[in-house]
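**Q** Got a structure here, written out as structure tokens. Questions coming.
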Amino acid sequence: MKVLLLTGLGALFFTYYWADNFDPASLQGARVLLTGASAGIGEELAYHYARLGSHLVLTAHTEAFLQKVVGNCRKLGAPKVFFIAADMASREVPELVVQFALDKLGGLDYLVLNHLGAAPAGTRAHSAPGTRWLMQVLRPCSNLPPTSGRVNLLSYVQLTSLALPSLTDSKGSLVVVSSLLGRVPASFSSPYSAAKFALDSFFGALQRELRVQDVNVAITRCVLGLQDRASAKEGVRGVTRAQAAPGPKAALAVIRGGATRVSHVFYPWRFHVLCLLRAWLPHPRAWFVRQELNVTATAAA
């Protein structure tokens, strides 16, 4: 009986991860608004969508980088590519970006949220100033200038709210690119992890609300690890022992998940196992933490 049960569970597991119902043709002509498109996985997402024939509006902070990505997308065959350089730390920008996309594309089939803000220069994630920064940027009454607390959380909410009517009309998809640190808390990453946990909670609740109201908009939450690019690896050099994942492969996993309207994407797939283990072992021993981190390096930073 146990053998049959384990065999059945193994078959379900295999089907969940390796069943391929992705149709690339479904993205031909799809209208996509992609944030954080100038570098990293956002850039790779743009190139995949371009190869698949999607119509794109790309946005990121730096116009020069965006122009390079737009040029490459056109070479890869994207029928329409527009860009708008925008700083998501500004309260007015999300509305401008969504309206720009609607004007250029006539509607949206996909909203892909990938942008990221950083802590103030010189602020370590595990330091007391880093924690104070997190608390301040999340206070509604804060008089601080625009910071990445708005970029990493509040702008996601604004963009979603503004794009949702168009996505509802098109029965479209909302794809949220997040991190394993939004599911499994890691040492010395409290500001970043807190923002990602907040995103996961918000979009998880929204997903339930849309289902209850019979709104046919899919939400795909993507749980990714460290990406194989210079800035990401440099930020954790000497701190974590985690291996970086190839950006193009991770981006393709995100696109496939959004196109097939699954609720979650885990890349690499073993992250799903880690998230399940967290429910069974919510308080890992210090030994496990030391396997993940170079504790001496983080203490010295």
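**Q** So how do Y47, Y156, Y192 rank on accessible area, 1.4 Å probe, biggest first, that is with the largest at the start? Provide the component values of the computation, followed by the final result.
**A** Numbers: Y47 20, Y156 0, Y192 80 Å².
Output order, biggest surface exposure first: Y192, Y47, Y156.
**Q** To continue, here is another question. Filter the cross-link list K68/K196; K80/K171; K104/K196; K75/K171 down to pairs whose alpha-carbon distance in this structure exceeds 26 Å.
**A** On the way: K68/K196 29 Å; K80/K171 21 Å; K104/K196 30 Å; K75/K171 29 Å.
Pairs exceeding the cut-off: K68/K196; K104/K196; K75/K171.
**Q** Follow-up. Kindly report, to the nearest 10 Å², the accessible surface of K68 as traced by a 1.4 Å probe over protein heavy atoms only.
**A** 100 Å²
**Q** With every protein chain left in place, what is the accessible area of L154 in Å² (1.4 Å probe, nearest 10)?
**A** 70 Å²
**Q** Something else about it: Using only protein heavy atoms and a 1.4 Å probe, report how much of E209 is accessible, in Å² to the nearest 10.
**A** Surface open to solvent at E209 totals about 90 Å².
The values are calculated or read from the model by the stated rules, or taken from the named source; none is laboratory data. From a predicted model like this one, the values you see are computed outputs, not experimental measurements. Calculation scope for accessible area: heavy atoms of the full protein, side chains included, ligands and nucleic acids excluded. Shrake-Rupley method; radii C 1.70, N 1.55, O 1.52, S 1.80 Å.
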